[in-house]
1. What shape does the range 148-201 take by its C-alpha gyration tensor, where a ≥ b ≥ c are the square roots of the eigenvalues and a/c under 1.5 counts as rounded, a/b above b/c as prolate, and the rest as oblate?
2. Alpha carbons only, please: Rg and Dmax for the range 3-147, in angstrom.
3. Compute the acute angle (0 to 90°) between the alpha-carbon long axis of helix 150-200 and the principal axis of greatest extent of the alpha-carbon atoms of the chain; round to the nearest 10°.
4. Given the options 164, 33, 180, which has the most mean-square fluctuation in a GNM of the chain, springs set between C-alpha atoms less than 10 angstrom apart?
5. Can you give the FRET efficiency to the nearest 0.05 for residue 2 and residue 127, using r as the Cβ-Cβ distance and R₀ = 22 Å?
6. Once label points are set 7 Å from the Cα along Cα→Cβ at both residue 169 and residue 102, what is their separation, rounded to one decimal in nm?
7. Measure off 7 Å from each Cα along the Cα-to-Cβ vector at residue 118 and residue 177, then give the distance between these two points in nanometres to one decimal.
8. Name the residues of the range 143-175 whose amide N is less than 17 Å from a point 7 angstrom out from the Cα of residue 43 along the C-beta direction?
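Read the figures in this text as sums done on the coordinates, not as results from a lab. These numbers were taken from a predicted model, which means no experiment stands behind them. So basically every Cβ, Gly included, is an ideal-geometry build from the backbone, and we count neighbours across all protein chains shown.
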């Protein structure tokens, strides 16, 4: 089943067309996505969101909605399923949104499939292996999506979610251990400096 058979796809907003140039021109202030805000753990890093001052109320089509899958137009595409918490964010033109209309596919399953290395390799192959060039919406639309039963999709999505949480936990532990190691190294260096200075005096 082609991706266009189960979902609509569109790129995001060209920001300068709707951006207010002054406070007086501002109709509404939004939070907006950027490339840095999409991470590999199927979540939005809210600390990396930008502020967008719009000169008019934006079309809901360019704002995130629960169940959307937002992707980068470059590999790795880091697909993320939008939750209620992340609804209403502006989608810029460097990103695209996939909105499932088929009842045969679950968002978290499709997100997983899009995140696989096989899909990434296929996208690069179709685009001539030029990873720095934006991937066309039409290239995504033509992807052939395997569609198992809804029960199997849910099982896969649950397994992936558990694995992502475990991986993130491990990475957080590694980061904390790295910080502790660096502090201990710095402490040893300071102790040696203090000992050297005492000997000089």
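1. Numbers: a/c = 14.28, a/b = 11.72, b/c = 1.22.
Since a/c reaches 1.5 and a/b is larger than b/c, the shape of the range 148-201 is classed as prolate.
2. Looking at the range 3-147, its Cα Rg and Dmax stand at 15.3, 50 Å.
3. In the chain, helix 150-200 runs at an angle near 20 degrees to the longest axis.
4. The residue with the greatest mean-square fluctuation here is 180.
5. On the way: r = 17 Å, r/R0 = 0.79.
After rounding, the FRET efficiency stands at 0.80.
6. 3.4 nm
7. Simple spin-label model gives 3.2 nm for this pair.
8. 158-175
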